[in-house]
1. To the nearest 10 Å², what's K225's accessible area with a 1.4 Å probe?
2. By a straight-distance test (C-alpha under 13 Å), which aspartates and glutamates pair with K261 as possible cross-link partners, with residues fewer than eight away in the same chain excluded?
3. So, with +1 on the Cβ of K and R and -1 on the Cβ of D and E, and no other charges, what is the size of the charge dipole of the chain about its Cα centre, to the nearest 20 debye?
4. Find out how many positive minus negative residues lie around R256, taking Lys and Arg as positive, Asp and Glu as negative, among other residues whose Cβ is under 13 Å from that of R256.
5. Of S451, S340, which has the most accessible area and how do the rest follow, probe 1.4 Å?
6. FRET efficiency for Q392 and D131, Cβ-Cβ distance as r, R0 = 51 Å, nearest 0.05?
7. Distance cut-off 20 Å, Cα to Cα: go down the list K183/K210; K192/K305; K32/K115 and report the pairs above it.
8. What does the accessible area of L293 come to, in Å² to the nearest 10, when a probe of 1.4 Å is used?
Amino acid sequence: MTATPTIHDVHIIGGGLAGSEAAWQLARRGLKVRLSEMRGSGDNMTPAHQSDGLAELVCSNSFRSDDDTKNAVGLLHHEMRMLDSLVMRAGEVARVPAGSAMAVDRDVFSAEVDKALQAHPNITIVRERVDALPAAGLTIVATGPLTAEALAGNIVRATGSERLAFFDAIAPIIHHDSIDMSKCWIQSRWNKRTEASNEGGDYINCPMDKEQYLAFHRGLMEGEKTEFKQWEKDTPYFDGCMPIEVMAARGVETLRYGPMKGVGLDNPFDVTPEFPQGRWPYAVVQLRQDNKLGTLWNMVGFQTKLKYAAQVELFRTIPGLENAEFARLGGLHRNTFLNSPKVLDRQLRLTAAPHIRFAGQVTGCEGYVESAAIGLVAGMMTAAEFAGHDWQPLPATTALGALLSHITGDAEAETFQPMNVNFGLFPPLHEVGKKSRKEAYTNRAKADLASWIAASREAVPA
């Protein structure tokens with residue numbers, strides 16, 4: 001599919017989080033950008049998206065922890081804010097209560113990104129499907145894990161190697177007014193909450209006793225699941241978004257030590273003289289606010305491959321959800337990733353065609369924030385190349401630098417797997433005690449990024 005040509009300095013293929021962030025970083029440095037997004041052109045759509053909005057959030061509405069003192073993803077938030085990330089800007093506008101995490105109203109978030117890009121005079125958004133890598137011209141491919149088949153095949157041929165593939169599952173979303181709050185209560189684990197919290201916390205908690213939990217576990221094991229095609233059967237899951245029934249299959253207690261753990265939650269419906277604030281439930285299902293109005297709540301950690309009818313039947317056995325109405329049921333889609341340490345250089349360029357960079361989840365990073373972060377860096381690198389500057393590598397001691405280093409060569413190509421940002425990717429601090437190590441990592445990263453920004457002409461707008 002083709003569209004009317006536009007005069008541009010850089011062509012970005014893909015209008016998800018990474019492509020949108022890269023476009024923003026390039027445009028604010030004075031470069032003309034053509035942003036191609038296939039959704040919104042004819043009948044083009046992916047198996048997981050529901051709209052043609054830029055930067056649509058498909059799986060969860062959470063950007064995870066916003067703690068920049070002891071958490072690696074919170075540190076990544078901080079670093080992206082230091083570099084004027086559009087994704088973090090839009091996230092603040094769309095923010096909803098989620099304890100110490102950062103969660104957003106997904107519709108408001110997408111609209112904010114779309115509005116900012118539409119309004120920028122250096123960005124032209126074109127609704128078109130691109131089926132092949134451009135033969136020339138600076139290009140960023142940010143098509144994500146749901147790259148259209150024609151382009152995906154063209155990428156495989158260009159790299160000369162197999163891409164990685166695994167399944168990613170989506171959690172259900174429930175209408176708030178269908179939740180029976182006479183059986184549930186609002187509280188964040190250990191009472192951690194944000195200033196925007198109401199009634200003492202950010203999560204709705206649906207408690208289970210032992211008998212209810214065991215019956216629920218049996219239902220997960222026996223429920224009808226999505227059937228795989230023959231070529232999909234050996235495709236693994238990513239642990240960070242694993243279907244709940246796959247976790248449950250690892251052992252009857254697994255969920256009680258994972259998404260259904262009851263520790264730190266005081267059930268007000270189970271008060272005794274010994275526990276006047278309420279006992280911790282045997283197991284709990286948590287719901288997190290999904291939009292600013294508070295009308296939609298998603299089931300935390302409940303990504304699933306159960307068929308729709310089986311989901312409704314089983315999830316309505318959860319106390320408080322007996323009459324639950326679902327705005328969206330869980331689903332399953334196949335993700336694809338490059339073997340980036342093998343086919344990309346340290347600046348995210350395709351070694352076989354260095355005018356092309358890759359960004360976002362297609363590179364093998366995992367998570368909304370990580371995807372946007374790699375888009376941000378790809379945009380900065382491309383701007384530097386366009387200006388004829390030598391790129392000054394980001395310090396590996398920063399979250400951005402550590403994640404980038406893992407993708408572009410520090411990971412073993414033979415065993416490369418999708419990765420969230422984590423302190424295991426950072427250069428170690430052997431002289432620091434275990435209790436203060438995370439804080440030491442974040443302090444070092446902030447100082448090193450500040451120094452890099454002060455010394456780098458690529459870190460500020462043109």
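1. Accessible area of K225: about 50 Å².
2. D209, E253
3. Numbers: 47 positive and 55 negative charges, 125 e Å.
It comes to approximately 600 debye.
4. +1
5. Values: S451 75, S340 0 Å².
Accessible-area ranking of S451, S340, largest first: S451, S340.
6. My answer for the efficiency is 0.90.
7. Details: K183/K210 16 Å; K192/K305 31 Å; K32/K115 17 Å.
Exceeds cut-off: K192/K305.
8. That residue has around 150 Å² of solvent-accessible surface.
The values are calculated or read from the model by the stated rules, or taken from the named source; none is laboratory data. In this text, all values refer to a predicted model and were calculated from it rather than measured experimentally. For neighbour counting, all protein chains shown are included, and Cβ atoms are generated from backbone atoms with ideal geometry for every residue, glycine included. With ligands, DNA and RNA removed, areas are computed over all heavy atoms of the protein, side chains included. Shrake-Rupley method; radii C 1.70, N 1.55, O 1.52, S 1.80 Å.
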